[in-house]
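Each reported figure results from applying straightforward, stated rules to the coordinates on display, with no laboratory input. Predicted model only: the values in this text are computed from it and were never measured. With ideal geometry, Cβ positions are generated from the backbone for all residues, glycine too; neighbour counts draw on all protein chains shown.
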Amino acid sequence: MAINPCDRSKIDNALHWWPKALPDSPLWRWIPLLLALQAQNPEGWRWKLSNQHDRQSRNLLFEVLGVAESTNTVDCDLLIVNSWKQDNGEIDASTPNQASEIVHLKKGSIILSLPKYLSALKATNQELFEVHLSTPTATNQELFSLRQDIAIYQQDKTEWLDNILENLPTLIERGIYFQRLADNNGMNLRNCIQHISEHYGNQARQQNQLLKQQQQLLQKQQQLLLSYSTRVSEMKGSRSWQLSKPLRQLADQLRKQKPAGDLPTVPPLYIEDLPTIPPLYIADNLPEARSPVDAVMETSEQSKPAALLKQQGQRRHREDQKTVVVVLHEASFTGAPILAWNVINDLKDDHNIIIISLRRGSLEQELLSICTWLISPTEHHQGFDYDLASPILRELIANTTVHWALTNSIETWRWPKIMHQLGIPTVMLIHEYATYSTEQNAFRDACLWSTRVVFSSPATHADMTRVHPELANTPVELIPQGRCKIPGQKEEKQTASAPKPFQLSSIPELNQRLDGEWLDQCLLVIGSGTLAPRKGVDIFISVCNRLLQQSSQPVLCLWLAGPDRTSDYKPTRMWSDDQIRRSGIEDRVLIIHAHDNYDNLIQRADLFMLTSRLDPLPNVSLDSLHSGVPTLTFSQASGTASWLERDPWLRERCVAPYLDTETMAAQAHQLLENSEERQEVSDRVKTLAKETFSMHSYKRKIRSLGELCITSAQHQRAVIEEIIQAKVFDPDLAIAPGSAPTTNLPFAVANYLQSWERQIQMRKPCAGFHPGLFADHTQNTNGDPFYAWLQSNRPPGPWQQTVLSPMSNSNKQPKSDEQIGIHIHVHHLDLLEEIIERFAHNQSTPRLWITITDPSLQSPIEEMISNRSLSLVDIRCYPNRGRNFGPLLQGLGHELDQQCTIYAHLHTKRSQHLDAATTARWREFLLDHLLGRDGCPMMDTILEAFNRDPNLGLVYADDPHCIDWTSNQASARLLMNQLNLSKEEQDSVMPPGISTVDFPIGSMFWIRSGSLSKVWSNPWPIDAMPQEPLPSDGTVLHALERLLPGLCRNTGFQTAVTHVHGSRR
């Protein structure tokens, strides 16, 4: 029995099933779509629910709606994946398993599911195809849509959906509306029943009470339904009710069960002039409740759009112009988007502009006037679905050549990588401080994948290098923007005569509270920005309070609140108003929304105070500086301060220590009391603004960077081709595991070149060659060092080492196993097994020296060694000082030098500053390269190399990472002085001007006796060893491991590295 909410008798009858079906069925969202499908072939179709135990959904679908149920999966035309748990009224969060049912679907069958579950099904079944929508909805709009809740089996189209394709989004929207209404009523009913059951201990009494309560609830429910019926009756005269008439007619036909012949033949549903569907809200007269379906759909239906809106701009695409993609973090009337609008406005006359906005906003109409296309989410509340990013860009590239991209704000940090993967060079504009970035990888990825990166101030760049020291060498451009033109604002005509002073009394909000004559004569102090805590409105109030206590002048302080999203900061406004009231300065410090008078107020101001906690280079400060208004700010708090501080005279008068309100108030008081000094500051800041903050210069430089990007991309394509032809590039070494596919050689080479261009995560391109050492020693400044080395016919030098690769079987053995030793430092007993089990992959049987930091480890280690019949010389306990180097420096190194010809140093490595998976991969890499693995006898290979070459003194793994001295050079010099090395010897070990170094990263290696004797024989008192916990870098131990190859070569020996193909980190 289907329901007509307007029919009183139907409502009465519906009460028999409503309390059960309504709260426990997640299928209401599909009802309009199912009716539209059933209308096309009601007799021939068979439907199936995946969860046969969901009685309420089954009742709703097959009994209430009267559709035909499939009893045989072979005949199933439509499968509904429902994971509703009847026992607790929740949606099962586990991955559904409908594999057996999907296998037996007909070709062209339709699967309906929540997006979460459909994604899981697609991951295990490649024959499911999501439904695509690309039907234009207006002359200048197009929906790039990918339904994430509907799929077709074994084909990408079916006539049943094609007939209603235009109305599919509307049908789903209507269904979600029904779902929310249904769940709203049913959830309240079930919650009430559950509440009753929890408060009655006696089971019999509980049942009696429950029956009574149910009857009362049913009466309330009937009243609620009647109220709902009345509301629906009111809706009958609405446009929406008229548009849904075809669905109601179909429902009536199904209830009467008319034969198929009485129904129209495959009738497509057309809804003319469909209005925009507003956000769905529960009716005011219904009690508020959340639907379990809503909880699952939140991240897919609301946070992520099922489609992207492509709006055609007023500019037409021209084939004779270059095309640039501009990515904005949002289309709002705020600083960064307005700056982007100014840049786009400069490019529009000779570029095709395609804008991608990650969020919609009030700036859209202005953007549409200067672009060819604007792509954004469909709804204002939605975020951007990055799964749709690459398909959209690929479609754009297929139709036109995109020459370069401009990404604006760190919030667009994902886009440079997307552009790089598609071969589009990118200019990245970063305005924000790294301190308040919540995305851990945002700055690294933005700097890595962009072709050029622009910071607006030294302060923001310095903050990035502080938060991310690994980006200190990344090349950036420091280009401050100029004063922005406000979109939609008319240009004021310049007049020969001086403008009349602006009268504050002309603002009604001020004139109602203060005397008009006083307003026109007072000194005016201004702050401006949203009421976000970062903007520091509370600090502004505090400075103004101090200033007013000191000043004898009539002073008015105004905070000009921003026009956008002021409702987001209601708590801040409440606290700010309370701060003003408790300070007793209600008539001297005001927060106003005088947007129409903004320019006039800036011109009228005597002082501007930028009190932000952190603010890159806000447009309001540029407005004040260009207008010659003395501008006060805090050191380290804004990019504005970093430019003002370059003039010592201005720094003294305009820049206060960080958040020092007392000093800023004193500076403001001094300038207000001294008109001559205030005029001098005015003249100087105006000159600074003219020389430093030029929008014309800024736009010209951004345009030039775009041209450089195009040239750079063209050159890189030629370089990639030549590197591939050289046939020495090893993608397994050059590309980090999991970061990019290594099978696509051009893409792998492009990623490698990008990392060296940006000086981020540099790796070696092939075994034995260090690009950084080549660049340092040859002072290469001509592009990529690896490419320069190839162009120079691969000259030998300190940048290239002998590479030892695993031998399959060697007939040669070491002279005597008695001369071979291995030192293992064991701090983590659970990792020792990983080391000793690798001995079996080799024929050599070295003697073992084991050191520990805990005496209790001795017994289990002895048992482990005995079970494997290994030759154990000794187990010794040392204090936990100096980590794995400690025992060697405390005498064991000298002992090994005396008793062994060749010996290794290994340890149970576990780095506390890295995650467990990264450390495990690093440890496995080192053991693969120094001991070997199945079919790869690296210990035998290394010992054979030592026997073959008596000049070989040190062997270590060829780590793919290119790491420099970092902060260890000073400690290295002290160590060399302690070893009594002459200046010539020190310069040989650590050549001046060479910042890079190749060394045994991880401190594991094989050495020949005598190659490091100077280190082991030097007295190392225990107090000289650093105490735990140790930092991740900068200790004497980090300096020592970097010195080892140079110290070895200084004694006349050579070094070599090992490379095991397929062992990566």
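Scaled to the globular estimate 2.2 N^0.38 Å, the Cα spread of the range 808-944, given as radius of gyration, is 1.03. Between residue 421 and residue 899, the distance separating the two model label sites (each 7 Å from Cα on the Cα→Cβ line) works out to 5.6 nm. Figure legend: label point modelled 7 angstrom from the Cα of residue 686 along Cα→Cβ; residues of the range 628-649 with amide N under 12 Å from it are 628-630.
Once the gyration tensor of the Cα atoms in the range 507-576 is diagonalised, the equivalent ellipsoid follows with semi-axes of 24, 16, 9 Å, ordered largest first. Could you tell me what % of all Cα pairs in the range 817-1058 have separations over 29 Å? Taking all Cα-Cα pairs of the range 817-1058, the fraction more than 29 Å apart is 24 percent.
Going by neighbour counts of Cβ atoms within 10 Å, the residues 646, 174 line up, fewest first, as 646, 174. Per residue, the convex hull spanned by the Cα atoms of the range 593-714 amounts to 134 cubic angstrom. Set the Cα radius of gyration of the range 656-709 against 2.2 N^0.38 Å, with N its number of residues, and you get 1.76.
Sort largest first and round to whole Å: the equivalent ellipsoid semi-axes of the range 736-792, each the square root of five times a Cα gyration tensor eigenvalue.
Working: eigenvalues 86, 25, 23 Å².
Semi-axes, largest first: 21, 11, 11 Å.
Calculate I(q)/I(0) for the range 504-675 by the Debye formula, one identical point scatterer on each C-alpha and no solvent, and give its log10 at q = 0.11, 0.15 Å⁻¹ to two decimals. Debye curve over Cα of the range 504-675, log10 I(q)/I(0) at q = 0.11, 0.15 Å⁻¹: -0.40, -0.79. Taking a quarter of the surface of the Cα convex hull of the range 945-1046 gives a mean projected area of 7.4 nm².
Take each peptide in 528-536, 924-932, 873-881, count the other Cβ atoms within 10 Å of every residue, and average; sorted highest first, the result is 924-932, 528-536, 873-881.
Note: relative contact order over the range 817-1058, using C-alpha pairs below 8 Å and six or more positions apart, is 26 percent. Using a cut-off of 19 Å between Cα atoms, the listed pairs 348/699; 322/701; 535/686; 417/485 include 535/686; 417/485 as exceeding that distance. Of the GluC sites (Glu not before Pro) found in the range 613-701, not one falls in a DSSP loop while having at most 11 other beta-carbon atoms within 10 Å. Per the Debye calculation on the range 360-488 with a single equal scatterer at every Cα and no solvent contribution, log₁₀ I(q)/I(0) for q = 0.10, 0.16, 0.22 Å⁻¹ amounts to -0.37, -0.94, -1.40.
Amide H contacts of residue 872: 848, each under 5 Å away and 5 or more positions distant or on a separate chain (H built 1.01 Å from N in the peptide plane; Pro and chain starts excluded). Scoring 1023-1031, 503-511 by mean Cβ neighbours within 10 Å over their residues and listing the highest first yields 503-511, 1023-1031.
Across the range 305-478, C-alpha contacts under 8 Å between residues 6 or more apart give a mean separation that, scaled by the residue count, equals a relative contact order of 21 percent.
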